[in-house]
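Just below is one structure, and these are the notes that go with it.
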Amino acid sequence: MIFDIKKMITEQNLVQPKILENNHIVTDVLRLDKINAIASGNKLFKLKVPLQKALENKCTTIITKGGLYSNHLIATAYTCNIAGLRSVGVIKAHKPINLNTTLLDCVEYGMELIFMQPSDFNNIEKLKDCVADYRNSCWIDMGGYSTEGAEGCKEILSLIDSQLYTHIITAVGTGTTLAGLCLAASKHQKIIGISSMKNNFSLQEAIEGLLQDKMHDPFELIHDFHFGGFAKHPPALIDFMNDFYRKHQIPTDIVYTGKLFYAVNFLLENNYFPNNSKLLIVHTGGLQGNRSLPKHTLIF
Ligand SMILES: *Cc1c(COP(=O)(O)O)cnc(C)c1O
């Protein structure tokens, strides 16, 4: 095994109990953000199996792509560094004059960066051209979308006594993490995903594709808490995140977990969950992305 996530965990207990209490509903948080500040949260789980496979297939270089503040890129750089793999990140941006803190971290972990203008970013031929020189390379999709990624995310629920919960709720980008939770959960547990993108209805099929015939009872995707779109963060979201931190000392990020906790709070207030539900909210990390904000926007 290239890296043992359980050994990376220094916290005794990753579950922060009983926040947002309401009408006999228990709401616990699984703090994956506490595992590792750099390659935080779910990304370690998503990358573990793909990197293992890459090593087995004698790949020496991992190529992937992402945006300027991508948690996926930084986690790929970090984990490839541990695994002894060369990493290449294709960035959706014109080459900036100064690298931001996320990209500087990527470089520090040995990632080579290639910049591609946004209009070319989804052009497969151009992408192939710009990475053609890398031999023995393996490709990891944007955001780590893959069945192997979902396989690795099964381990998330094994960190705790997850059978206690009736509902497991996570933020969703590609849906790979949610697919892993579905694969690991029992039939009595309902899996709910809060999409961070606007009207990304193709998610349903994308996740079913990861589950294939190992279909869990249907998962539920909620599309109402994107706050205008991916990475959009109007003042209402920032205010909520600051407030939430004051109340619970849980830091959240503007892309995923801020919206996740906002959604759960809203759903609780609107009696969405039956009485006596026990919710497990998976904090998937990603806090480094907040570095895109002006200083002092957040109080944590
Ligand atoms: C990447 C990321 C997600 C999305 O995970 P998917 O498996 O792509 O759905 C959720 N939360 C955080 C903090 C992330 O960095």
**Complete:** Flagged pairs (Cβ under 9 angstrom, 6 or more apart or on separate chains; first in region 179-199, touching a residue at least 40 places away in the same chain (Cβ under 8 Å); second more than 13 Å from the ligand (Cβ to nearest atom) and β-branched (Val, Ile, Thr)) are Leu181/Ile168; Ile194/Ile222; Ile194/Val264
**Complete:** Within region 45-86, of all residues that are in a helix (DSSP H, G or I) and among the aromatic types (Phe, Trp, Tyr), the one farthest from the ligand (Cβ to nearest atom) is Tyr78
**Message:** Going by what's in this entry, would Ser70 be described as buried (at least 22 other Cβ atoms within 10 Å of the Cβ) and among the polar types (S, T, N, Q)?
**Reply:** yes
**Request:** Please determine, by comparing only the residues of region 160-177 that are within 13 Å of Leu279 (Cβ to Cβ) and either hydrophobic (A, V, I, L, M, F, W, C) or modelled with pLDDT under 95 (or both), which one is farthest from the ligand (Cβ to nearest atom).
**Result:** Leu164
**Request:** Residue by residue through region 266-288, note down the ones that are more than 13 Å from the ligand (Cβ to nearest atom), outside any loop (DSSP other than H, G, I, E, B) and farther than 17 Å from Leu221 by Cβ.
**Result:** Leu268, Glu269, Lys278, Leu280
**Request:** Give the residue, chosen from Ala231, Ala263, Ala206, Ala236, that is at positive phi and either in a helix (DSSP H, G or I) or small (Gly, Ala, Ser) (or both).
**Result:** Ala231
**Prompt:** His188 passes all but one of (1) in a loop (DSSP other than H, G, I, E, B); (2) of a type outside the set (A, V, I, L, M); (3) more than 16 Å from Leu280 (Cβ to Cβ); which number fails?
**Reply:** (3)
**Message:** Step by step: first the residues of region 1-37, then only those that are within 19 Å of Gly143 (Cβ to Cβ) and surrounded by 20 or more Cβ atoms within 10 Å (Cβ to Cβ), then the one that is farthest from the chain's Cα centre (by Cα). Which residue is that?
**Reply:** Ile35
**Within region 112-159, tally of residues that are farther than 16 Å from Ser87 by Cα, at pLDDT below 90 and aliphatic (A, V, I, L, M)** = 1
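The values are calculated or read from the model by the stated rules, or taken from the named source; none is laboratory data. It should be emphasised that the depicted structure is a prediction, and the values quoted were computed from it without experimental measurement. Every residue, glycine among them, receives a Cβ derived from its backbone with ideal geometry; neighbour counts consider all protein chains shown.
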